[in-house]
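The values are calculated or read from the model by the stated rules, or taken from the named source; none is laboratory data. Remember, it's a predicted structure, so these values are computed and weren't measured experimentally. Heads up, the Cβs are rebuilt from the backbone with ideal geometry, glycines too, and the neighbour counts pull from every protein chain shown. Accessible surface is based on the protein model in full, side chains and every heavy atom, while ligands, DNA and RNA are left aside. Shrake-Rupley method; radii C 1.70, N 1.55, O 1.52, S 1.80 Å.
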Amino acid sequence: MATDQYVHPDYYNMDDLLTEEHKLIRESARQWIKKEVSPIIEDYYERAEFPNQVIKGLAEIGAFGPYIPEEYGGPGLDQISYGLIMQELERCDSGLRSTASVQSSLVMYPIWKYGSEEQKKKWLPKLASGEAVGCFGLTEPDHGSNPGGMITNFKDMGDHYLLNGAKMWISNAPISEVAVVWAKNEEGRIHGLLVERGMEGFSAPEMHGKHSLRASITGELLFDNVKVPKDNILPGKSGLGAPLGCLDSARFGIAWGALGAAMDCYDSALRYSKERTQFDVPIASFQLTQKKLAEMITEITKAQLLTLRLGQLRNEGKATSAQISMAKRNNVEIALKIAREARQIHGAMGITNEYSIMRHMANLESVVTYEGTHDIHLLITGMDITGIPAFKREL
Ligand code: TGC
Ligand code: FAD
């Protein structure tokens, strides 16, 4: 395993716009990753396993619910700190970031925003400390981009709810103590339910065979007449806007994260191009290599500006869902392109596990699809600027 030599690119002195606290938070995440995760990540990725031993460290660097207030066990940081932590994690591996962003934005966020006081006190401190892991069940076998069509449902049985249905492609599902599950009531209204490990009729089998995000564990959520206590419904918000509100927070983290993967690919390609010689000169001296590197740093710099501005807007409570969609879509797209170009600069070495490039490239194929596909985010921008939704067609 090669030493992690990562130095983050900062062509426009973006660090001048960060506070000392931001830089400290980022540095502690970076140092922990270099010491504890970089040396093992390739191995876990190859074995398609999540390294459970990093959960405690993730909690210690504040990666679980960075913006959750201290009264509920979180570090109470701002949105830019959240973004910076996600960026460092995905710089190492998208699966590491996935685990943290699901826990933060898709489990802690809905409990914090829509949960009862008892639910917050019961779950948030445990999730912040890593004592419990959670997952978020929205996608179903027949309802991915169109979650509003979901068929998972619950009936009011008087003293409890009876839950039936199935979710798939659920990050962290097999290792979760609690699942935030979105299901329709008898009137067809979507609600969030907290389904706990061990409830009769509930199982979370692992899904196998992924060529992407191999260091993150993915599973199904199966509900066969699960009796869910009435206290486990999230009382604060219902309707499709409730899960979509959580996605805003997660997509924001992904925008920062994907940029981290892009920066790692660029950093590696720049270093390699100065070390590797062909025709007796470093390959960095060829104009075609310089074109690739120059275009990479240009796209990274544009994305850094977009992302930091989005962080400022989110800190002020002003970021719109459509602005978040634009950043998620743009940053994943440029990260994928940069990974492919960086792979070429590394020549044959680029396909090996000596470098992180091919792993990033494969991971980003999940990231471009989950949390809203590339095309769904384009249509969100289209709807925002024209006022006309183009998601649904009559045939
Ligand atoms: P539509 O009629 O447009 O909206 C329904 C209601 O929701 C409101 N809304 C939002 N609210 C908050 N945040 C948002 N981003 C929102 N977008 C819409 C909307 O105002 C409306 O409210 P109301 O009060 O009028 O009812 O809904 P639609 O059925 O037409 O669908 C729109 C569409 C396609 C954009 C949406 O369904 C969508 O985003 N689809 C993509 C699905 C998706 O992203 N799934 C992600 C699953 S989780 C995941 O992938 C985790 S990966 C984890 C990891 O490992 O990192
Ligand atoms: P589909 O919706 O079937 O889309 C297939 C293709 O059709 C795409 O190219 C799409 O852009 C296109 N398409 C669909 N509708 C339209 C339209 N209206 N206009 C134009 N094109 C359209 N989900 C969760 O709930 N929780 C999780 O934790 C989670 N983790 C995941 C982890 C991984 C590794 C992966 C790969 C997925 C995960 N997902 C999770 C699911 C993810 O959110 C869905 O895969 C995603 O929303 C897309 O749904 P789909 O795969 O069913 O694709």
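Quick notes on this one:
- The stretch 376-395, residues that are assigned to a helix (DSSP H, G or I) and more than 10 Å from ligand 1 (Cβ to nearest atom): 378, 381, 382, 384, 385, 386
- Residues in the stretch 348-360 that are outside any loop (DSSP other than H, G, I, E, B), open to solvent by less than 30 Å² (accessible area, probe 1.4 Å) and touching a residue at least 12 places away in the same chain (Cβ under 8 Å): 357, 359, 360.
- Meets criteria (assigned to a strand (DSSP E or B) and under 22 Å from residue 245 (Cα atoms)) for residue 167: yes
- Of 323, 312, all but one fail to be assigned to a helix (DSSP H, G or I), open to solvent by 60 Å² or more (accessible area, probe 1.4 Å), within 11 Å of ligand 1 (Cβ to nearest atom) and closer than 29 Å to residue 15 by Cα; the exception is 323.
- Of all residues in the stretch 150-175, those satisfying the criterion of being open to solvent by 10 Å² or more (accessible area, probe 1.4 Å) and among the polar types (S, T, N, Q) are 153, 164, 171.
- Among the residues making up the stretch 330-344, a single one is among the small types (Gly, Ala, Ser) and more than 9 Å from residue 364 (Cβ to Cβ): 342.
- Flag for residue 338 being assigned to a helix (DSSP H, G or I) and within 16 Å of ligand 2 (Cβ to nearest atom): no
- Screening residue 210 against (1) more than 13 Å from ligand 1 (Cβ to nearest atom); (2) in contact (Cβ under 8 Å) with a residue 60 or more places away in the chain; (3) part of a loop (DSSP other than H, G, I, E, B); (4) out of contact with any helix residue (DSSP H, G or I) (no Cβ under 7 Å at 6 or more places or on another chain) leaves a single unmet condition, (1).
- Flag if residue 244 is under 22 Å from the mean Cα position of the chain (by Cα) and either at positive phi or within 12 Å of ligand 1 (Cβ to nearest atom) (or both): yes
- The stretch 1-112 holds helices (runs of 4 or more DSSP H) entirely within its bounds, and those carrying 2 or more residues that are aliphatic (A, V, I, L, M) and under 20 Å from residue 251 (Cβ atoms) map to 79-92, 94-101.
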